[in-house]
Amino acid sequence: MIFRFAQNMATLTMKQTEEVYLEYMDELITHFRSQRHDFLNHMQVVYGFAKIGNLDGILRYLEELNLEADETLSLLQLKHPPMAALLRAKAATATVKQVQFQVSVKASLERLPIRPFELVKVIGNIIDNAFDEEIKAPEQQRYVEVTIEETSPSYIAIHVFNRNSYIPPEQQSLIFRQGYTSKQDHHSGTGLAISKQIVQRYGGKITIWSEPEQGTRFTVTLLANAKGYR
């Protein structure tokens, strides 16, 4: 009986994970289509400047595009295409939600044994929660930051910080429970519970730091190895 229950829970968790993964894939596909459309627009702007002989306009415009290219090159340092694509998609989402979104890459993710779609599900869910909190704040104060770093030769940490939320200590132990949610929009409350299960399956952990008027940081710490995901 207990074994059957465990099997059913594992099946449910995998099904929910796959459903969320498909949602993120739709988001990524939409983002890639948008990038193609944006590229054509950029070329039209450069062509327009060239037609009227406005060299300064071309240079200023290309400098702005170069800043965007630098951000893309930073994501390539992850050596993890699904996560790089996810973060690019979240940057586009942040623009729509008018949230300042920063990504700092200090380590690659190639040595993580976690399956790529599961890592995308975990980090995507935490970033979405951060966005949900930030859009409650005035536009000029909204801020989310993702930092990826090696905390030791054996561990990689992914931090997701948002400026405008506070989770009291008594609530921090509850938010990872299946079905628990503090949201008022009929949210299922399964995202963080499933994320914790996934991370623990790979020997990792999710921790929370939160202080009033300072913000909240979720940290996903995962064990790295020489082989990475195979």
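The values are calculated or read from the model by the stated rules, or taken from the named source; none is laboratory data. No experiment lies behind these values; they were computed from the predicted model shown. Reconstructed Cβ throughout: ideal geometry from the backbone, glycine too, with neighbour counts over all protein chains shown.
Things to note:
- Residue match in the stretch 163-171 (condition: crowded, with 17+ Cβ neighbours inside 10 Å and of a type in the set (Phe, Trp, Tyr)): no
- Flag if ALA84 is surrounded by 18 or more Cβ atoms within 10 Å (Cβ to Cβ), farther than 25 Å from PHE176 by Cβ and without any contact (Cβ under 8 Å) to a residue 24 or more places away in the chain: yes
- The residue list ALA157, ALA130 contains one member that is surrounded by 15 or more Cβ atoms within 10 Å (Cβ to Cβ), farther than 13 Å from ILE206 by Cβ and either among the aliphatic types (A, V, I, L, M) or modelled with pLDDT under 95 (or both), which is ALA130.
- Residue within the stretch 78-87 that is among the hydrophobic types (A, V, I, L, M, F, W, C) and either at pLDDT below 80 or at positive phi (or both) present: no
- Subset of the stretch 96-115 [within 14 Å of the chain's Cα centre (by Cα) and surrounded by fewer than 18 Cβ atoms within 10 Å (Cβ to Cβ)]: GLN100, GLN102, SER104
- Of the residues ALA157, ALA130, ALA137, the single one that is more than 22 Å from THR221 (Cα to Cα) and either part of a loop (DSSP other than H, G, I, E, B) or out of contact with any His (no Cβ under 9 Å at 6 or more places or on another chain) (or both) is ALA137.
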